[in-house]
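Each value in this text was obtained by applying a stated rule to the coordinates, not by laboratory testing. The shown structure was predicted, so the numbers you read here are calculated from the model rather than taken from an experiment. All Cβ positions, glycine included, derive from the backbone under ideal geometry; neighbour counts span all protein chains shown.
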Amino acid sequence: MGALKPAKGEMPDPTQMLIRRILRPTDLTAISDNALAAAVRIAKQNHAELLLVHALPPPTPIYEIESSFRPEAEEALAKLLKRVTDIGVKAKRVLIKGSAPVSNNIARCARFFGADLIVMGARGRTGISRWLVGSHASRVLARAHCPVVVVRGQSSRVHSSKRA
């Protein structure tokens, strides 16, 4: 029996969702490990396939035909794939290249592969930093055809319990 379809405009009931394929976009940094752990946990619970996705930044006009980060990204994705498959999760790696913004490429990739869920990290920027830089997670959330789980990454700020 398949998953129940909600009426138009209603949120799906997560207990009724059938999750077969999870898209896990990554920037290949340690900060995204929290989201990877969540994606692995959901994949194991649902016996789902995990797609490890990295979207290369668009090449610099005039200077590059292809992003110069490709070799490093391929190597890092291969290591990540091994880490995930070694713990018993069925997974594939996908390297996206294109001239569109990263968030558009992630949303297109999710639709192309028929992802049932996207699990991605967020750095937790606030204030002027978020306003100036924006958030890939918020842009993917706005464009995705399926539910998106956003997991806050490790904070880059140093917090102190002492007051000045």
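Packing order of peptides 73-85, 101-113, highest average first: 101-113, 73-85 (average count of other Cβ atoms within 10 Å over each peptide's residues). Going from the residue with the fewest nearby Cβ atoms within 10 Å to the one with the most, LEU141, LEU117 rank LEU141, LEU117. Residues with beta-carbon under 13 Å from that of VAL102, excluding VAL102: net charge, scoring Lys, Arg +1 and Asp, Glu -1? Counting the neighbours of VAL102, the net charge comes to +3.
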